[in-house]
1. Hey, in the protein assembly as shown, which Cys have no second cysteine's beta-carbon closer than 4.7 Å?
2. Can you tell me the convex hull volume per residue for chain C, based on C-alpha atoms, in Å³ to the nearest whole number?
3. Report A:S140's accessible area, 1.4 Å probe, all protein chains in place, as a number in Å² to the nearest 10.
4. Could you state the angle between the C-alpha long axis of helix C:130-147 and the longest principal axis of the C-alpha atoms of chain C, as a value from 0 to 90 degrees rounded to the nearest 10?
5. Multiply the residue gap between C:T344 and C:L13 by 0.36 nm, knock off their C-alpha separation, and tell me the result in nm, one decimal place.
6. Normalise the Cα radius of gyration of segment C:200-287 by 2.2 N^0.38 Å (N = residues in it) and let me know the number.
7. Counting pairs on different chains as well as pairs 8 or more places apart, how many Lys pairs in chain C have Cα atoms under 24 Å apart?
8. Using the Kirkwood radius over C-alpha pairs as Rh, can you work out the diffusion coefficient of segment C:302-348 via Stokes-Einstein at 37 °C, viscosity 0.692 mPa s, in µm² per second?
Amino acid sequence: EQIRWKMPIAFPSDLPGLGTPSKFVEKRLKQISGGQTQVRVFEPGKLVPPFDILQAVDSGKVSAGYTWIGYDQGKIPAIPLFAATPFGLKPWAFTAWYYYGPGHEMLQEVYANKGYNVHAQLCGIIGPETAGWYSSPIESLEDYKGMKIRFAGLGGKILEKLGASVTMMPGGELYQALQQGTIDATEFSMPAIDQNLGFNEVVKYNLFPGWHQPFTAQYMLINGDDWKAASDMQKAQIKTTCTAATMRGLAEGEYKNPKVLAGFRDKGVTQSLIPRKTLAKLQETADEVLATEAENDEDFARVYESQQKFQELYQEWERRAYLPPTLGENN
Amino acid sequence: MTDTTHDAPHGGPGDLSHHTELPTTRPSAAVDRVVQAIGHAFSWLWIVVVVAILVGVFGRYAFGMGSVLWEEIRWHISSAVWLVGLGYTLVHDAHVRVDVLHERFGLRTQAWIELLGLAVLLLPFVAVGIWESFPYFLNSYNVGETSQSPGGLPARYVLKFFLSVSFALILVAGVSRLLKCTALLFGVPRPMKRRQQ
Amino acid sequence: MLLSEIFVAGMFLTFGILLFTGFPVAWVLGGTAVIWTVVGMIAVNWFGAGLWFDWGSSLGLLPERIWGMVSNDVLVALPMFIFMGIMLDQSGVAERMMNNIVKLFGVVRGGYAITVVVIGVLLAATTGIIGAAVVLLGMLSLPVMMKNGYDKSLAVGTSCATGTLGILIPPSIMLVLMADRLATPKASVGDLFLGALFPGLLLGALYIAYILTIGVISPRKAPLPADLPKITPRVFLDVLVAVLPTVALILAVLGTIFFGIATPTEASGVGAAGATVLAAFNRRLNWEVLRQSVTQTTRTACFIFAIFVGATAFSVVLRGLGGDRVIEELLLGLPFPPVGILATILIVVFFLGFFLDWVEITLIILPLVAPVVTDLGFDLVWFTIMFAVTLQTSFLTPPVGFAIFYVKGVCPPEISVKDIYKGVVPFILLQLLGLLLVFMFPSIVTWLPSVGAV
Ligand code: NA
Ligand code: NA
C-alpha cells in the first residue's frame, strides 16, 4: 500500500530550521522509498490555517501535518514542554531526553490522554531564540514593568508576572507596531528568521540569551489510523527521515545564525546579555509559573518532573564535560 | 413588475440593496422575524467592540494593562456578530449580486433563478457547513479548549459553536426564501396578502 | 495533469457563468465549490483518477478555514471602518464636508471626484483592508455626487478605484503577507511599505489628472455645483469650520497609528468612536440613528464576510483539484527572455485576479516566482510592488472584481453593476499606465527604501 499524505505546515518552508525540515522530509521520503512513501507539503494557510493543524490531522482530514506544537497549548496544557520550555533543556539535551529518555512515549500519552488520535514524531529542532528586540536597553527586571511587549507562550506569562503589558500580535503587525512605538519590544525567533521581519531596522537592542526558548521543536503529526495502517518499513522510513531532519534543522540554524548575528552588529544593533542576576530572578519567576501550570494539569506535572530530573543530572555532566564558551577571551 | 409586496423587512434609508420582489409566506414571515430579531440584537454588540478597543488602547497607556484579553474580546465579539449576521443579511437580501443580466429578467425568471440557486448552490453549501462545523466545535468542547496565549479568554469552544449557529441561521433563512420562491411559482405555500405601500 | 487542467478550467467557467445568473456572489462561490468537490470525488472514487483529492482535505476543511478568518484580529477593522462610515453618513457630517470642500475646488470641474480621491488616499493610510475602504468611500461620496448630477460611471469608478488604494498604500495587510511569504531580508515589511508609498501616490495623481481631463473634454459628466459662492475670506472660513471636525477625525485616526498609540486595527475602533462623538456634537445622534447604524454595519460587513467565506471554500477545492500545480507549471515552463518572463508573470497574476482573491494569489504565486525573478537579476522589492499593483488592479477587473462587489453593496439603487463595470475601465487603464511607469522608472519604488532603511 502506497502512502500519499498531504502535509500542511505551520511556517513557510523556506524559513531556516523552522520550515526547511518539512521540505527535506518531502524530498527524502520520496527518494528512500522509491516513491512508495510520499508526503506533499502545503505552505501555511494553503490548506489549513497553522493553528488548526492538530485538529485537521486528528480528524483525518489530512493524514499528516508539520508544526510547532506549542500552538496547541490551549487544547493540551502540557504541550509547550515538548515545544519550548523556559529555562529548559538545550537542543541536544532535549533530543537525549526525547529519544533515550521517556520523551517520545510521554508525548504520545499526552495526546492520547486528551483524546487525540495522532502519532507525533520529533522532526526538527532549533537552538535558542533571542530574548527579544527592544527599543531601550534592559538592565534589570524593573525595566519590564509597564513595558508593552509582544511575547508568546509561557515566556509571556512570566513577563506579565513581572508587570509587562503583554500582547500576542500576529507576526505581520510587529514591524509597524515596533516602528511606531505601539509596542516597545518583541520576541519572534532566532536571528536567521528575525532578520526577515526587519526588526533591526526599527529597534536597536537585541537581547540574549533566549531564556524563554532554549530549544524550539517541531513535529510531524500523523493521523493515528493512518500511522497504524502504515507498514513497518514505511514507519521506519518516516522515523529515520524525521531523525535526519531534526539533525539537519539544528545544523542549519547553528550554521546560519552566527553570520546573521555579525551582520546585525554591522548594522548598528546593540547585542547585549541579560545580566546574570537578572537571569536568576527570571528563572525564579519561571519556576513559579511552571509550578502553577503543573498544579493545574497532571500531564504537565509528570512531564515537567521528568524533564527537570534529567536536566539536573545533565547539568553536572555539561558543566564538567564541555569547555566554557568564554574560554580564550581576555577576562 | 408591479407587485409591491416586499419579501423582507427592509432596514430603512440605509438599505440600498436591490430586491427580487417575492411574496412572503406564513412560515417565511415567522422565520424571518426570528432571524431578524437575532440579527438586530447582535448588531448592538458592535458598540461593545468599539468600547473593547478603546479600553485596550487606553488601558495600555493609562494603566500598563496587558492587552491580550482585550484583543481577544474584540475579535470574539466581532466574529460572533458577523457569523450570526450572515443569515440576517440573507433575510434582508443584502448579499451582493451581479445584476448585469439579472435586472432584465422578469419576476418569474428571477424567482426560478433564486429557487435553483438556493437548492443547488446555497443549501448544499450550508449543509456542508453544518455537517463539518459541529464536530469541529465538539472536538474543541471535549478538550475544554482555551486561548493559546497567556492571559487570554477561557472557553474558546463557545465561539467555535457560533460557526454551527451561523450555518444554521443561513439554513433557515435560505429555506424561508425558498418557500417564497415556490409560493410565487407554484402557489405553495400560499402567498400572504400584504397591504399596499 | 491534463485532468487537473480540465477541472480547474471547469471550476472557473462554472463560477463565471453562474455569477451572471445574478445569484449572490458569495453563494455562487460556495456552491461552485460543492459542485466541483462532487465531481472530483466521483473522478477519484469511481474512475480512479490520479488526483490527490478527497473530501477531508478540501471542503472538509471549511470550518478550519472559516475559523482562520474568525480568529484573525486584523479583520475586526472591517466592521469598525464600516461603522465609522455609516456614522459619518448618518450624522450628515460627511455630506457637509464634501459640499464644503467643493466650494474651494468650485472652479474646477470634477471637484467632488477629486475630493474623493484625496480623502481616499488619506483613508488608505489608515486601513489595509480593501472592503472597508471601498465601502466607506462609496457610502460617503456616491449620494453626494449623484445629487450633483455626476455621471454614474465616473462617480462609482472613482470611489471604487480610489478605495483599492488602501491595499497598496501602507499600512497594508497585503504587503505584510507578501513580506511574510517572501521571507527574505531583501524585501522586509519595511522595504515594501516604503516601496509602495510613491506608486500609491502616483496612482492617486493619475486618477486626479484623469478626472480633470474628463472635466475638460466632457464637462457634462462632472458638472460644477449650481450655486457656487465666490471664494471670499468669509466663505473660506465657513468651509474651514465645516470641514474641520471630519478632517480632524481622519487625522486623529491617522495620528493614533503614526504616533504609535494604536495599531491600524485599533485605530479603526478609535475612528468609529470618533464618528459617533461627531454625530452627537451635531445633535444627530439618537437611538434610532444608532439602531440604524449598527444594523446597517452588520449587513454591510456581512455581505463582505460572506464573500470571504465563499471564496475560501472555492480556493480550497480549486487547490485540491490541482489548481496550484496547473498555475505553477504554466508559469515555470516559459521559454522567454527575462523581461518576457516578468511580464508574463504579471499578466497571469492580472488574469488570475479576475477569479481569485489576493490572498490566494499571493500564497500560490509569490513564493514560486520570487526566486526566479531574483535569479534573473531583478530587484525583489521593485518586482513585489509591481505584483502588488497588479493585484490591486485585479480588484477592479470585471467580471470578478471584489471592489466592484463591495461598492455595489452600498451604492444608490440607480447604479447597476453595468455602470460600475463601465466606470472602472478607465481606471484599469490608469492602473496599467501606472504599472508601466513603475516598470520604466524603477526608482519610483526603490528610491525611498534605499534612503529610508538603514
Ligand atoms: Na493602507
Ligand atoms: Na478582478
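The values are calculated or read from the model by the stated rules, or taken from the named source; none is laboratory data. Everything numeric in this text was worked out from a predicted model, so none of it was measured. Here Cβ is always computed from backbone atoms with ideal geometry, including for glycine, and neighbour counts include all displayed protein chains. What goes into the accessible areas is simple: the full protein's heavy atoms, side chains included, and nothing from ligands, DNA or RNA. Shrake-Rupley method; radii C 1.70, N 1.55, O 1.52, S 1.80 Å.
1. Lone cysteines by the Cβ rule: B:C181, C:C160, C:C302, C:C411.
2. 153
3. So the heavy atoms of A:S140 present about 40 Å² to solvent.
4. 40
5. Stretched out fully, the C:T344 to C:L13 stretch lengthens by 117.0 nm.
6. This ratio for segment C:200-287 stands at 1.49.
7. Lysine pairs meeting the criterion: 19.
8. The calculation lands on 260 µm²/s.
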